[in-house]
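Scroll down for the structure; my scribbles are underneath it.
The values are calculated or read from the model by the stated rules, or taken from the named source; none is laboratory data. Predicted model, so just to flag it, every value in this text is computed and none were measured. Here Cβ is always computed from backbone atoms with ideal geometry, including for glycine, and neighbour counts include all displayed protein chains.
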Amino acid sequence: MKKLSLIGMGIVNERSIPLLGLDRLKEANLIFAELFTSILEEGSLERLSQLAGKEIRLLDREDVEETEMVLGAFENADRICFLTAGDPLSATTHQEMRLDAEKRGVEVEIINAASIFTAAPGISGLQQYKFGRTTTLAFPEEGFFPTSPLDVIESNLERGLHSLVLLDIQAHRDRYMSAPEGAALLLRMVEKKGGSPIGPETMMVAVARAGHHDRKLVYSSLGKLSNMSLGPPPHCLIIPGKLHFLEEEVLDSFRVE
């Protein structure tokens, strides 16, 4: 039976892939990968290719969204692996590939790995089950400046829930939103919308390079974060809701006044 293995590579480099995932790469006829939903250390894919002893073909967003680029390859292959940074099924596009494969009678294997959805809350000391809906800040474009992410954060705050805010990645442009850029963008949204409970004094967490040896955590006000420098990507933001005393203690350990 033909088999598609959807494999997460984790959030750091080629060494964060599960051992089972590496086994599947060594068994595969073809290996595809995407890095437009997150990023790994430079050279990770090349080093992973050496470990697997196989070529890894990097796809862009359009190739993955079409799904035929990957699934059509089953005409000449029985074992195909599809690699993603983070966890393999966090993106809607990957779920579509899973469903399309199953409709064609292809067995789908899912090999999970670390994701920003669990890593960032954990290292921030915030309890996972107290998070509300996640939102994403996109780079503004001409005629495109939505304030819907602010609505999500406000809704979570009303219920005392934390908000994980992912930041835009435009891999094809080598453009990655930083936490300070995201904080500044939120302030612009507040100004545009008006009447928001969020403002320059709102406390939030900036997470830079979660899982990496040089990760950085900062707990500070929205206004101060917008002017900080936290180094290279990837970054994300967390707006805390109602805090438990233990959560407050951890946050205070990396507070910047």
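For region 203-250, filtered to residues that are surrounded by fewer than 18 Cβ atoms within 10 Å (Cβ to Cβ) and among the small types (Gly, Ala, Ser), the residue that is farthest from Gln170 (Cα to Cα) is Ser221.
Here's a check for you: in region 95-121, which residue that is under 30 Å from Lys216 (Cβ atoms) and either surrounded by fewer than 14 Cβ atoms within 10 Å (Cβ to Cβ) or among the hydroxyl-bearing types (Ser, Thr, Tyr) (or both) is nearest to the chain's Cα centre (by Cα)? Taking the candidates together, the pick is Ser115. Considering only residues that are among the hydrophobic types (A, V, I, L, M, F, W, C), outside any helix (DSSP H, G or I) and either modelled with pLDDT under 95 or more than 21 Å from Arg57 (Cβ to Cβ) (or both), which ones fall in region 86-115? Listed by number, the residues that qualify are Leu89, Ala91, Ala114. The single residue among Ser163, Ser178 that is polar (S, T, N, Q), crowded, with 18+ Cβ neighbours inside 10 Å and in contact with a His (Cβ under 6 Å, 6 or more places away or on another chain) turns out to be Ser178. Starting from residues that are modelled with pLDDT of 95 or more and under 10 Å from Phe82 (Cα atoms), keep the ones in region 29-57 and report whichever is farthest from the chain's Cα centre (by Cα). Across region 29-57, the extreme among qualifying residues is Leu30.
Scan region 130-140 and give yes if some residue there is buried (at least 21 other Cβ atoms within 10 Å of the Cβ), among the hydroxyl-bearing types (Ser, Thr, Tyr), touching a residue at least 24 places away in the same chain (Cβ under 8 Å) and in contact with a strand residue (DSSP E or B) (Cβ under 7 Å, 6 or more places away or on another chain), otherwise no.
No, every residue in region 130-140 fails to be buried (at least 21 other Cβ atoms within 10 Å of the Cβ), among the hydroxyl-bearing types (Ser, Thr, Tyr), touching a residue at least 24 places away in the same chain (Cβ under 8 Å) and in contact with a strand residue (DSSP E or B) (Cβ under 7 Å, 6 or more places away or on another chain).
Per-residue answers, yes or no, for (1) at pLDDT below 95; (2) under 18 Å from Glu181 (Cα atoms); (3) assigned to a loop (DSSP other than H, G, I, E, B):
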| site | (1), (2), (3) |
| --- | --- |
| Glu201 | no, yes, yes |
| Met204 | no, yes, no |
| Leu217 | no, yes, no |
| Lys224 | no, yes, no |
| Leu230 | no, yes, yes |
| Cys236 | no, yes, no |
| Leu246 | no, no, no |
| Val250 | no, no, no |
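Cβ-Cβ contacts under 7 Å between residues 6 or more apart (or on different chains), taken from a first residue in region 222-246 that is within 16 Å of Gly211 (Cβ to Cβ) and in the same structural domain as Gln170 (by TED's automatic domain parsing) to a second residue that is surrounded by 17 or more Cβ atoms within 10 Å (Cβ to Cβ) and of a type in the set (S, T, N, Q), are listed as Leu230/Ser178; Pro233/Ser178; Pro234/Ser38; His235/Ser178; Ile238/Ser124; Ile238/Ser163. Among the residues of region 42-66, those identified as surrounded by 15 or more Cβ atoms within 10 Å (Cβ to Cβ) and either assigned to a loop (DSSP other than H, G, I, E, B) or among the β-branched types (Val, Ile, Thr) (or both) are Lys54, Ile56, Val64.
Pairing each residue of region 102-113 that is farther than 19 Å from Asp23 by Cα with any residue that is surrounded by 12 or more Cβ atoms within 10 Å (Cβ to Cβ) and at pLDDT 95 or above, provided the two are 6+ apart or on different chains, yields C-beta distances under 6 Å for Glu102/Val108; Val106/Lys2; Val106/Leu4.
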